[in-house]
Every structure is written in structure tokens, then in C-alpha cells.
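The numbers here are math on the coordinates, done by the rules we state, and not lab data. Not measured: the values here are computed from a predicted model. Positions of Cβ are backbone-derived with ideal geometry, glycine not excepted, and every protein chain shown enters the neighbour counts.
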Amino acid sequence: MGVGLFDAIRGEFIDIVEWTDDSRDTIVWRFPRHDNEIKMGAKLIVRESQTAVFVNEGQIADVFTPGTYTLHTQNMPILSTLKGWKYGFDSPFKAEVYFVTTRQFTDMKWGTANPVIVRDAEFGMVRLRAFGSFAAKVVDAAALLRELAGTDPQFRTEEVQEYLRQLIVGRLSTALATSGVPMLDLATQQDAIGTRLAGVLTQELAPVGISVPKFVIENISLPPEVEEAIDTRSRMGIAGNLDQYTQFQAANAIGDAARNPGGGGEGVGLGVGLAMGQRIAAGLAPQGQPVPQAPAAAAPAPAPAAATPPPLPQPAQWFVGVGGTQQGPYDAAALSGLVGAGTLTRETLVWKDGMAGWLPAAQVPEVGGLFGAVPPPLPPQG
């Protein structure tokens, strides 16, 4: 009977205070003391990634880092003072013990519910959406209990995650606006912006005892109209230099003419080839030196005098002024090729032997007829 009574009395005292965390989202856990008292000399076991905080009648007392402790008045100076233990009493005592997890919580997500408006030097005011993840860690257990957890017996990450997300979104627009990074380069600077935000958030959360050791921006999305403008610019970049693009088209025209003999294709191909060759030569010639001109078409050899007709009249040789440079001579077939390539227009100056001076091609009947199938430019629009 005496043994049973002794066991009942001993059961009223707690001699081991510890917490083995079997969850992945608990930040603060209160030791379930109920109405029992903690025996003086009891064992306190604080594991790695934990901090134990003793609270006496709502007032934070002693804080214990990882290790094993034998509780007595010497290692609980604040609690001893609060309870008035001036002479090291060994009697059991009542106090609340909170275990705080100090490991990193890495599975926390964030995202912008509404677009963040920033000013870009190239695109003006732009609305951005972003999302990612971050890690949070308790660095001051006492501050966390005072400012956030309070007397909550089991304070979980879900209770603080929304508060952190709102804080992140509030700081994100400032970080993007002051980053000085052009909109087109944001993807390459996401890591640097995330590192800056981690420092800003850690400083902001210091009063509540939380730090943000890692902040990751997984994606920054642009509005559809900005993405369309970027796609248009990319296509222009692929087209490249317009002059090179014209040369490329001329080369294709020569190939088409070679595959389709007859019907004037030879003349067109010859004219385009001469024009393209001279334009390439103009690009390669040193500054200030004349561009070598294509040789005139060789005159047919005179036929023998006996029993042969007289030689055919030599076709007119034309000279063309392109970009302030004299080019030629060309025959009529070559001029037709230049018209097809766009090198010879109605306003291009032409000249041949017998003319008093240079004239626009449209004012020379022999050349103006080559533009019959090419519509004139549209008149100015009102």
C-alpha cells in the first residue's frame, strides 16, 4: 500500500523534459506538463535544431540551446529570480516549456496574387508576375514566442507562411524597381535579385526572430503584349541587315533563272548577277577607292567580207548612277535584270553615248519601257 502511494506521488513530478519531433511543419511545441510539476534536478534534453524556452506565468525566463541539462537553480538564473529562489530551493516547480525548431523550413512557396508594376527603360510601365520558394529559420526563439507564437501549444508553418508571403510580395516590387536590370535581362539576374531579397527580408524579420537564408525566384512572367513585342524584335534580328537580305534574294533569283532557261531568264540572271557582284565589290573596296566596273559585253567578231552580211549594230551601252557611284556599262538585258533586282528604279540616273547629261531612267524612253510591269510608287497619303 505504501509503495503504491509512493508511485502516485512520484507520478506527479516530471523528471525528463524532451521533444522528439515527428512532423515536418511544427515550429513551436509546448511540453504537455498539465498540472504536474517539474522536479528540481530533472533532465532537460534539447536536441540539435532545437531550442528550449522556459516561461513562468507568461514571462520568458531561461533559454537552453542543444545539450543535456540537469535542472537546478544554478543553470536557471532568470527563473530562480522570478520565483524568488534566493537560497537554491530544491522543491518541484511549475513552468511552461516551449521547444522551438531552429532548422530550415525549405518547402515554403510564394507567388504574386496580383501583378507587380515596375518601370522599364525600354518598355515603360510593365506588369510582372513571379513565383518561387524560400527557406525560413528561427534565429531568436524568445522573440518568436513574444511576437508571433504566444501561448499557441503547437505553432505550425502554415500560421506564419501567409504573413511571410505578404511581406515578400511587398518587398518584391521595390527590389525589381531598384535593381536597374532591363526587362530582357531579368532571367539572367534572378539569382542576384533573390540574394538581395533574402538579406532585406532577414533584416525585416529580425524583430520576430526569423531569418530567410535562401530566396529563390523560379519564374518572372511578362504580359502577353510585351512577349509579342520581344518576339517581333527577335524576328527582325533573324532577318539581319536589309542589304544582306537583298543580296540573298538576288542570289535566289539567279538560281531560279538558271533552272528556268528561256523567256528572258538569261538576261535577268545576268543583270542580277552583275548588280550583286558590283554591290559586293563596293562593300569590300577600301574607302575612297573606285569600285571596279564590270567589263562591257564583248562585241561580236566581224564576219568575213566574202559572202557574209555586214556586222550587226552594237547594242547601246548604258551607265547607271547608284549611291553616287558610276556603274556600267550595261546592255538592255542587264538593265532589265537591275530593274528586277530593285537596283534600277525610275529615279535612278542613267546615261549613254550621245546624251547631253544624266537623266532619271523614267525620262529616257529606251529605259522607261523596262518599268512597264513594275507599278510606280504610291502617291503621298493624306
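Structure data summary
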| quantity | calculated |
| --- | --- |
| Alpha carbon convex hull of region 171-214, projected area averaged over orientations, nm² | 3.0 nm² |
| Whole-angstrom gap from region 196-233 to region 104-135, using each part's C-alpha centre | 5 Å |
| Given Lys43/Lys109; Lys43/Lys137; Lys43/Lys86, the pairs whose alpha carbons are separated by over 32 Å | Lys43/Lys109 |
| Label point distance in nm, Trp358-Ala229, each placed 7 Å from Cα along Cα→Cβ | 4.2 nm |
| Relative pair counts by distance (%), Cα atoms of region 1-159, 10 Å bins | 9, 31, 26, 15, 9, 6, 3, 1, 0 |
| Fully extended contour minus Cα-Cα distance, from Val169 to Thr65, at 0.36 nm per residue | 34.1 nm |
